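Below is one structure; the comments refer to it alone.
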Amino acid sequence: MKIKLRLQPRGEWTEITEQPGITVEEIYRKFESRLPYIILAAKVDGVVESLTWKLEKDSEVELLDMRTQAANLIYQNSLTLLYLKAVEDVLGEVEVDIENALNKGLFTEVKRKEPVTPEEVKQIEARMHQLVEEDLPLKREKVSIEEAEGIFRRSGQPERIELLQAARGSQRQKQVPFYEIGGYRDFFYGQMVPSTGYLTYFQLMNYRRGILLRFPHPSAPDRIPDYVDEKLLYQTFGEQNRWGRLMGISYVSDLNRKIEEGKAKELIQLSEALHERRIVEIADMITKQKKRIVLIAGPSSSGKTTFAQRLCIQLRVNGLDPLYMGTDDYFVEREQTPLDEYGEKDYENLNAVDIHLFNQNLNDLLAGRKVDLPSFDFLTGHKEFGKRITSIGPNQPIVIEGIHALNEDLTPEIPKSEKFKIYISPLTQLNIDSHNRIVTTDHRMLRRMVRDYKYRGHSAQSTIRSWPKVRTGEDKNIFPFSNEADVLFNSVHLYEISVLKKYAEPLLMEIRPDEPEYSEAVRMLNFLRFFRVIEDDSVIVNNSILREFIGGSIFVD
């Protein structure tokens, strides 16, 4: 049996010969000494499989470490199962919520009257290390939907029964996966590593009312990242929790029930009202503080364009007359654009912006002088002048949206006292259930996929292919500066995946098994199967952030 093998991302392919029935893990062990990081899974003929997968025919096998999104999520799933097992061993049968990404890890909460003490956290972490040393298998078992419903009924988990009922109509939901480790069994819809010995790197620490479960970032798979307290993010997730309680939604099963009861319209209207109230609050802060420069940044598909336009409207309501500017008009001449590590022009590099001209124009505007604002011609790659000669009055703040907006190096010549910084991102607190969370990057990719198809004619395959590069740029240029923000605007709507599913699912299903993006499409389809669809989205207002992606926005052509 011939195996075409790739040992790491972007590596060379090599051909080996093996006997049928060999597992991917056995192949990995033969080449382990040549690999920089622990292998967590493999892509076999285009589909991500566990290391326990047996090869029975000629195949292409690509080994995956944590630098890939698929392997990174597998590590998180497996580490979560290990953590839940250790919590039960130390604290007994207590309810645990795996809530959201925070501070380079996952924020979790043990549901009991008294908070978990630092000593108990140390005991849980020590138990996790002990389980890793024992190298216990993570056993996977598939049961019928009926059997799974019985398990959930006996363990008092009605929300999971409702979840399975929503997935019954999906052709992908024939059986329900459970994982077991040392006698602890739980439902996880994602994949796992073969054994606890693979889970080498993690850290537990007390944080506020819960526990942080921290692990490596894909950029450095063999170390725990430096700790940064993301206070704004924590506060925003708390606000999202309050919004969820207002709407009666904690898990996907709650959302599905609302849709079944015909309450989708009410959900949409309430969610839009909450957005509007928050935008009004931010506009009032800017007005009260008399800020002249408003800087907005956030990762891809956050809804920055719609948010900036709605903020400008609320500033006008407050008697101000904002000037809207983008940093794209300040690109350096194309021949001066810096190159990335592959020798390609790097338009996301801060040095791709004419920083001196940008700051000079802003200071001149603040001083009341007339300014010849540039317009960048993307066809010629050069700035043009003479078309936008502008001046502003004392009641005109300048609203600027751009990927580097929160980075002080973009506006070093502007006094900090003049600047008001806003970070925007869709940060969903809605999870599949208490142990299976919705990954924010998946949510954003769904938004982008639908928008790319509608406005740019791109396939879902194209969006998936470009997503790792998008994420790399965000990790470098956006996320490190989120703590610089004065406020964080959460652009998520709790109902929106039930709208996006209608548009995204057919696009994902067009991706063929022989295409490289197929495995990611399968993962996304598996995730979407738990959501009931909101078929009629006509009630969504035309200034909604969601309209920026599904169409019908008054702010997006």
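With 10 Å bins from zero, work out the P(r) of the range 294-358 over every alpha carbon pair and list the percent per bin.
18, 37, 30, 12, 3
Taking the dipole about the Cα centre of the range 38-92, with the C-beta of Lys and Arg at +1 and of Asp and Glu at -1, give me whichever of Gly92, Leu64, Ser78 is farthest to the positive side.
So the residue furthest toward the plus end is Gly92.
Using 1/(1 + (r/R0)^6) with R0 = 56 angstrom and r between the beta carbons of Leu35 and Asp536, what's the FRET efficiency to the nearest 0.05? Please list the in-between numbers first.
On the way: r = 51 Å, r/R0 = 0.91.
My answer for the efficiency is 0.65.
If you average the alpha carbon positions of the range 483-550 and of the range 353-409, how far apart do those two centres end up, in angstrom?
Going from one Cα centre to the other spans 34 Å.
Each residue of the range 470-481 in order: what ³J(HN,Hα) in whole Hz does its phi give by Karplus 6.51 cos²θ - 1.76 cosθ + 1.60, θ = phi - 60°, with x for Gly and Pro?
Once θ is set to phi - 60°, the couplings for the range 470-481 become 4, 5, 4, x, 5, 4, 8, 10, 10, 4, x, 10 Hz.
What distance in nm separates the two pseudo spin-label positions at Glu408 and Met1, each 7 Å out from Cα along the beta-carbon direction?
5.8 nm
Could you tell me the accessible area of Ser33 in Å² (1.4 Å probe, neighbours in place), rounded to the nearest ten?
So the heavy atoms of Ser33 present about 110 Å² to solvent.
Going from most exposed to least, what order do Phe479, Phe188 have by accessible area with a 1.4 Å probe? Please list the in-between numbers first.
Details: Phe479 55, Phe188 0 Å².
Sorted descending by solvent-accessible area, the residues read Phe479, Phe188.
Starting from the residue with the highest accessible area, list Arg532, Arg214 in decreasing order, probe 1.4 Å.
On the way: Arg532 75, Arg214 5 Å².
I get Arg532, Arg214, largest accessible area first.
Spelling out what I want: for every residue of the range 93-100, take phi, set θ = phi - 60°, compute 6.51 cos²θ - 1.76 cosθ + 1.60 (Karplus), and round to whole Hz; glycine and proline get x.
Along the range 93-100, the couplings run 7, 10, 7, 10, 9, 9, 9, 7 Hz.
Considering only protein heavy atoms, with the full assembly of protein chains and a 1.4 angstrom probe, order Glu348, Glu120 by accessible area, largest first. Mind showing how you got there, number by number?
Working: Glu348 75, Glu120 40 Å².
So the residues, ranked largest to smallest area, are Glu348, Glu120.
In the range 223-306, if the dipole is taken from +1 on Lys/Arg beta carbons and -1 on Asp/Glu beta carbons about the Cα centre, which of Ser302, Ile282, Leu233 is farthest to the positive end?
Looking along the dipole axis, the top candidate is Ile282.
Using DSSP to call loops (not H, G, I, E or B), can you name the trypsin sites (Lys or Arg not before Pro) in the range 95-126 whose Cβ has at most 15 other Cβ atoms within 10 angstrom? If you can, show how the numbers build up before the last one.
Numbers: sites: Lys104, Lys111, Arg112, Lys113, Lys122; in loops: Lys104, Arg112, Lys113.
Sparse-neighbourhood loop trypsin sites (Lys or Arg not before Pro): Arg112, Lys113.
Roughly how many debye, to the nearest 20, is the charge dipole of the chain about its Cα centre, given +1 on each Lys and Arg Cβ, -1 on each Asp and Glu Cβ, and no other charges? Write out the running numbers ahead of the final one.
On the way: 76 positive and 87 negative charges, 236 e Å.
I would put it at about 1140 debye.
Taking the Cα-to-Cβ direction at Asp377 and at Gln19 and moving 7 Å from each Cα, how far apart do the two end points lie in nm?
A separation of 7.0 nm, rounded to one decimal place.
Taking amide H positions as placed in the peptide plane 1.01 Å from N, state which residues far from Asn100 in sequence (5 or more) or on other chains have amide H under 5 Å from it.
Phe107
With every protein chain in place, what's the accessible area of Leu55 (1.4 Å probe, Å², nearest 10)?
Solvent-accessible area, nearest 10 Å²: 0 Å².
Can you work out the PRE-style zone for Asp226? Point 7 Å along Cα to Cβ, and I want the residues of the range 404-446 with backbone N under 16 Å.
408
Give me the angle, in degrees from 0 to 90, between the Cα long axis of helix 440-456 and the longest principal axis of the Cα atoms of the chain, rounded to the nearest 10.
60 degrees
Which label marks the calculated value of semi-axes √(5λ) of the Cα gyration tensor in Å, given the options [x] 42, 28, 24; [y] 36, 31, 24; [z] 33, 26, 25?
Given [x] 42, 28, 24; [y] 36, 31, 24; [z] 33, 26, 25, the calculated one carries the label [x].
Tell me which trypsin sites (Lys or Arg not before Pro) from the range 1-60 have a DSSP coil assignment and no more than 14 other beta carbons within 10 Å of their own.
Values: sites: Lys2, Lys4, Arg6, Arg10, Arg29, Lys30, Arg34, Lys43, Lys54, Lys57; in loops: Arg10, Lys57.
Of the trypsin sites (Lys or Arg not before Pro), the ones in loops of the range 1-60 whose Cβ has at most 14 other Cβ atoms within 10 Å are Arg10, Lys57.
Test of the criteria: in the range 26-86, which GluC sites (Glu not before Pro) are in a DSSP loop and have at most 11 other Cβ atoms within 10 angstrom of their Cβ?
Working: sites: Glu26, Glu32, Glu49, Glu56, Glu60, Glu62; in loops: Glu56.
Answer in residue order: Glu56.
Whose amide H sits under 5 Å from the amide H of Val47, counting only residues 5 or more places off or on another chain, with H placed in the peptide plane?
Hits under the 5 Å cutoff: none.
Please list, in order along the range 56-69, the HN-Hα scalar couplings obtained from phi with the Karplus expression 6.51 cos²θ - 1.76 cosθ + 1.60 (θ = phi - 60°), rounded to whole Hz, x for Gly and Pro.
10, 8, 3, 8, 9, 10, 10, 6, 10, 9, 5, 5, 9, 4
The values are calculated or read from the model by the stated rules, or taken from the named source; none is laboratory data. Given the structure is predicted, the values throughout are model-derived calculations rather than measurements. For neighbour counting, all protein chains shown are included, and Cβ atoms are generated from backbone atoms with ideal geometry for every residue, glycine included. Accessible surface is based on the protein model in full, side chains and every heavy atom, while ligands, DNA and RNA are left aside. Shrake-Rupley method; radii C 1.70, N 1.55, O 1.52, S 1.80 Å.
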